[in-house]
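See below for the structure under consideration.
The values are calculated or read from the model by the stated rules, or taken from the named source; none is laboratory data. What you see is a predicted model, and the numbers here were worked out from it, not measured in a lab. Positions of Cβ are generated from backbone atoms using ideal geometry, with glycine treated the same way; all protein chains shown enter the neighbour counts.
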Amino acid sequence: MPEIDLTAQTAAVRSVLATHGIRRALALLNDRTQYRYTAIYKLSGDALRAEHVFDRSSEYRTWLKAVPLDKSFCQHAIEEGEFTTSHVSKDKSLMSYRPYVGLVESYYGRLLIRDSGTPYGTFIHFDLEPRSIDAQEVSFLKQVTPLFLDYLE
């Protein structure tokens with residue numbers, strides 16, 4: 001497999017954030033995957049609120065604007081720093097998430113932490129269909145997702 005210049009790609013994400021904003025940067029990261037949605041959810045008490053969502057199929061649709069933390073896949077990303085599942089309805093460990101079966105079938109999430117150590121929320125990719133994310137993309141996201149924090153309230 002050819003070596004990918006992560007430094008140049010990270011610089012591209014940084015540039016898009018600075019010149020075009022969060023939504024365009026989410027679109028850039030979404031384009032690197034098969035996931036339909038890429039979003040940033042903000043931790044707000046016992047819930048997560050959609051702050052920024054990119055949907056490759058619909059420009060104006062927002063998805064799951066608020067989700068109870070204890071019913072979200074993001075709770076695992078917050079607890080563990082990262083969480084992924086490629087086929088929710090076939091993952092027996094996720095049976096308690098029945099309200100989202102059929103709505104969210106695949107999920108990849110990373111915890112966003114402020115410099116102070118306070119959790120902001122999560123960066124996520126998700127889809128209605130089974131999807132997976134490769135290790136190289138996960139490695140890239142570890143580098144670039146912290147860049148979003150400079151642009152979030």
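Yes/no matrix, rows are residues, columns are (1) among the polar types (S, T, N, Q); (2) over 23 Å from Phe140 (Cβ atoms); (3) surrounded by 12 or more Cβ atoms within 10 Å (Cβ to Cβ); (4) modelled with pLDDT of 90 or more:
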| position | (1), (2), (3), (4) |
| --- | --- |
| Glu3 | no, no, no, no |
| Leu6 | no, no, yes, no |
| Ala12 | no, no, yes, yes |
| Gly21 | no, no, yes, yes |
| Gly45 | no, yes, no, yes |
| Asp55 | no, no, yes, yes |
| Ser72 | yes, yes, yes, no |
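Is it fair to say Ser106 is over 12 Å from the mean Cα position of the chain (by Cα) and at pLDDT below 95? So Ser106 fails the test.
Give the residue, chosen from Thr62, Thr84, that is in a loop (DSSP other than H, G, I, E, B) and either at pLDDT below 90 or under 24 Å from Glu51 (Cα atoms) (or both).
Values: Thr84 fails: in a loop (DSSP other than H, G, I, E, B).
The match here is Thr62.
Per the conditions (1) at positive phi; (2) among the aliphatic types (A, V, I, L, M); (3) at pLDDT 95 or above, the sole criterion not satisfied by Leu112 is (1).
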